[in-house]
């Protein structure tokens, strides 16, 4: 199976090509440059793997939740490539990708959502991928939902940026934390491969996943939630 994946929902933009069990990837910690690197990376990865893009089975995108501009970019690039190449698309949640990359059986994801809030979700991971036990949501860190039991692996930038505001009861559920983890296209590609062919969709149906009803807050609302003016 050959899957191209794009991910630009957070502070690192990445692209990956999964070709017959081998992973080829590019990443850069400069999301503002995503528009200038994604397409060149696609060509580089295909050349490195020695394949033609037309031989791909699908193109996957990390659809969020995450930064609005980044999500729109990776989705738009994936859609354009799918249309040009006549390929199906696959949508993979960016928090799903974070959980899969953790390599643990039970993973609690807490990522910075800006505006003084965090994205939270909890997953059970196995050979077939990840299953959400707590579906992705956005909330103030103090209201982060608690998973059942202990021994969870925590991943995501929320554990660094909002550590002082997260419930003590949540931290007590965790066996370890990787606060530097960000969604990566390699995990997006792997999950897409596991979910195909059922997850294949028309490119027109590919869309960012938004879990926040209100995209912009006033200055007063940001300050009330612990954000910056």
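Here is a list of conditions, (1) crowded, with 17+ Cβ neighbours inside 10 Å; (2) free of Cβ contacts under 8 Å to residues at least 60 places away in the same chain; (3) more than 19 Å from the chain's Cα centre (by Cα), and residue 37 meets all of them except one; can you say which number that is?
(3)
Give the stretch 87-109 a look and list any residue that's touching a strand residue (DSSP E or B) at 6+ places or on another chain (Cβ under 6 Å) and either at pLDDT below 95 or not in a helix (DSSP H, G or I) (or both), or say none.
Correct list: 87, 88, 89, 90, 92, 104, 105, 106, 107, 108, 109.
Among the residues of the stretch 1-34, how many are more than 20 Å from the chain's Cα centre (by Cα), in a strand (DSSP E or B) and within 18 Å of residue 87 (Cβ to Cβ)?
1
Based on what the data block shows, is residue 112 buried (at least 24 other Cβ atoms within 10 Å of the Cβ) and touching a helix residue (DSSP H, G or I) at 6+ places or on another chain (Cβ under 7 Å)?
Criteria not met by residue 112.
If you scan the stretch 148-168, which residues turn out to be under 17 Å from residue 98 (Cα atoms) and in contact with a strand residue (DSSP E or B) (Cβ under 6 Å, 6 or more places away or on another chain)?
Step one: filter the stretch 148-168 for residues under 17 Å from residue 98 (Cα atoms), giving 152-161.
Across the stretch 148-168, the qualifying residues are 152, 153, 154, 155, 156, 157, 158, 159, 161.
Counting only residues that are surrounded by 24 or more Cβ atoms within 10 Å (Cβ to Cβ) and out of contact with any strand residue (DSSP E or B) (no Cβ under 7 Å at 6 or more places or on another chain), how many does the stretch 71-86 have?
Number satisfying all stated conditions: 1.
The values are calculated or read from the model by the stated rules, or taken from the named source; none is laboratory data. This structure is a prediction, so every number in the text was calculated from the model and none was measured. Because the Cβ atoms are built from the backbone with ideal geometry, glycine has one as well, and the counts that use them run over all protein chains shown.
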